[in-house]
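Presented below is the structure to which this report refers.
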Amino acid sequence: MVRRRFSFGLVSRLSSPIYGRSPCSGGIWTPCLGQKRSFMTAKDLVESEEPEKKVTNRINMFSAINQALHTVLDSDPKSYVFGEDVGFGGVFRCTTALRDKFGRHRVFNTPLCEQAIVGFGIGLASMGNRAIAEIQFADYIFPALDQIVNEAAKYRYRSGNLFNCGGLTVRAPYGAVGHGGHYHSQSPEAFFCHVPGIKVVIPRSPSQAKGLLLASIRDPNPVVFFEPKWLYRLAVEEVPVDDYTLPLSSAEVMRKGSDITLVGWGAQLAIMEEACDEVSKLGISCELIDLRTLIPWDKELVEDSVNKTGRLLVSHEAPVTGGFGAEIAASITNSCFLRLQAPVSRVCGLDTPFPLVFEPFYMPTKNKCLLSNQNNVILDIDCTRPILFGKRAPHAVL
């Protein structure tokens, strides 16, 4: 009963229903065997362009997210931001000053009930609004799993596209933070990558966070937007002041290389970039790819890269078993089998609850990427000298 109460009862006070939407077959999930997942695209609503070099400010990630939310609230009067403590600015300050400018009826606190937060957002979005729900920590998104999986993801499909809640975006800080322990450090993205009907997006930097969040909010499909909390204040860069979007389901090659492909997302990319710098001293050229959107992911770009390099390493903070890296490994092994020179390697979190004092041992660190001798993907070492893809390399100190 919570679902119906929060999906429809409260929404009627904020908006009037919109009926008679023209069906669009591209937005309906199809059960046809062998057919790829089909999403309604956002091309008519969002121009997927890289940010032009305009006026920029040097800001951190939480400020960039705050700018994106400000832009949406300012440009769309039917957009709403809500969640636990968002009216006060949020625990990570991502919603600072929004309530003061846009009012309590558009930026407001909710009860401490994740199922109700998302259920309310589904109802709000189904009435033609843009509902931006915040889950305070991704670790606590699981009470809302039923609403996301059984309601939001299936809303368009079960109604034959007569209704949809594509205006719903669920924001949630995820990942390690250095001291969060097992209830404030988890990376649950793989749970949602198994669900047809939603998109999963994870940025790596302030400029990426702003552009991808704006694209997610304007996309006509429900989106779960995970924000790497480690980078909220640590990541600082020049971010365009103007409104801009970045394309969803389009990975980005951060670094070109010829010997091995590395794929990651979120905060892990900074670790992988350090590993690329280190192995470059040994003459190993790494191609680093930021997936950005996990579902639907840019399989073609990764395939092209692996066909060129012949090797693939995937790294993420989530536990290795059942992580999204396993899906990438299986898919690439199937499509690039004849070009692979070594089995796909994964450098991930451990299959344990996220620890507190033992966090440094749990994390997929730079050294784990460097010393990963699984299948001779990056390098294998003996006591004295590195082995470069099965061949002796010149002596080097690791």
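The values are calculated or read from the model by the stated rules, or taken from the named source; none is laboratory data. Treat the numbers as computed from the prediction; the structure is a model and nothing was measured. Neighbour counts run over all protein chains shown; Cβ positions are idealised from the backbone, glycine included. Calculation scope for accessible area: heavy atoms of the full protein, side chains included, ligands and nucleic acids excluded. Shrake-Rupley method; radii C 1.70, N 1.55, O 1.52, S 1.80 Å.
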Task: Accessible area of the stretch 58-197 belonging to carbon and sulfur atoms, whole % at 1.4 Å probe - done: 57
Open item on the list: For the stretch 252-376, place one equal point scatterer on every Cα, skip the solvent, and apply the Debye formula. What is log10 of I(q)/I(0) at q = 0.15, 0.18 Å⁻¹?
Closed with: -0.63, -0.92
TODO: Tally up the carbon and sulfur contribution to the accessible surface of the stretch 252-376 as a whole percent, 1.4 Å probe, everything protein left in place.
DONE: 55
TODO: Report the calculated FRET efficiency for LEU234 and SER159 (r = Cβ-Cβ distance, R0 = 45 Å), to the nearest 0.05.
DONE: 0.55
TODO: Count charges around LEU288 for me, please; just the other residues with Cβ under 15 Å from its Cβ, Lys/Arg as +1, Asp/Glu as -1.
DONE: -3
TODO: Which order do the peptides 205-218, 178-191 take when ranked by the mean count of other beta-carbon atoms within 10 Å per residue, highest first?
DONE: 205-218, 178-191
Open item on the list: Need one number: nm distance between label points at LYS101 and THR56, each 7 Å from Cα along Cα→Cβ, rounded to one decimal.
Closed with: 2.1
TODO: Please give the contour-minus-distance gain from LYS281 to LEU350: 0.36 nm per residue of separation, less the Cα-Cα distance, rounded to one decimal in nm.
DONE: 22.0 nm
Task: Surface accessible to a 1.4 Å probe, per residue, for the residues of the stretch 252-376, Å² - done: 41
- [ ] Report the convex hull volume per residue for the stretch 214-294, counting only C-alpha atoms, in Å³.
- [x] 112
TODO: Using only the C-alpha atoms of the stretch 55-159, find the volume of their convex hull and express it per residue in Å³.
DONE: 116
Task: Net charge contributed by nearby residues that have their C-beta within less than 11 Å of PHE88 (K/R +1, D/E -1) - done: -1
Task: Mean Cβ count within 10 Å, highest first, over the residues of peptides 237-249, 286-298 - done: 286-298, 237-249
TODO: Compute the FRET efficiency between ASN109 and ASP304 as 1/(1 + (r/R0)^6), taking r as their Cβ-Cβ distance and R0 = 41 Å, and round to the nearest 0.05.
DONE: 0.30
Task: Other-chain or far-sequence residues with amide H under 5 Å of GLN136's (modelled H) - done: GLU84
Task: Ordering of 124-133, 328-337 by packing [mean C-beta count within 10 Å, highest first] - done: 124-133, 328-337
